[in-house]
């Protein structure tokens with residue numbers, strides 16, 4: 001089994017992730033029906049999960065492939081993610097110290113920003 005699809009991660013679906021350069025990364029995922037809330041838009045918990053996952057993957061790489069855990073995650077929901085829309089997260093490593101990684105991210109839908117997030121990851 002793919003290591004990225006064990007445990008909780010198997011519930012996320014096809015989240016793709018790529019490194020752009022040493023401080024920029026990108027992730028994307030299509031909004032499917034199981035990610036919707038009762039209002040028919042992408043659930044806030046889903047948005048938080050993909051932000052945490054995409055930013056956490058970036059922290060792991062920025063930390064020299066060491067394990068990292070989320071210390072804090074701040075999310076601002078700006079607009080709705082819609083069914084069948086591909087959401088793209090643009091991740092920026094702001095700073096890395098010996099023990100911490102500071103990250104910002106913006107998640108975009110087809111024509112608009114859906115959410116912004118910032119957080120801190122502890123390097124284990």
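Taken together, the values in this text are just the output of simple stated rules run on the coordinates, not laboratory data. On a predicted model such as this, the values are computed, not experimentally measured, just so you know. Here the Cβ positions follow ideal geometry from the backbone for every residue, glycine too, while neighbour counts run over all protein chains shown.
Report Rg/Rh for the chain, rounded to two decimals, where Rg is the Cα radius of gyration and Rh the Kirkwood radius.
Using only Cα positions, Rg/Rh for the chain is 0.96.
The C-alpha atoms of the chain define a longest principal axis, and helix 44-62 lies at about 30 degrees to it.
Using a cutoff of 8 angstrom between alpha carbon atoms and counting only pairs six or more residues apart, the relative contact order for the chain works out to 26 percent. Extension gain for residue 26 to residue 60 (0.36 nm times residue separation, less C-alpha to C-alpha distance): 10.9 nm. Relative to one another, the C-alpha centroids of the stretch 15-43 and the stretch 56-124 are positioned 11 Å apart. Only helices enter the 222 nm calculation for the chain: every DSSP H run of n ≥ 4 contributes -39,500 (n - 2.57), and dividing by all residues gives -5000 deg cm²/dmol, rounded to 500.
Modelled spin labels at residue 16 and residue 97, positioned 7 Å past Cα toward Cβ, are 3.6 nm from each other.
Would you please put 18-28, 52-62 in order of how densely packed they are, using the mean number of other Cβ atoms within 10 angstrom per residue and starting with the highest? All intermediate terms of the calculation are to be shown ahead of the outcome.
On the way: 18-28: 14.5, 52-62: 21.8.
The peptides rank, most packed first, as 52-62, 18-28.
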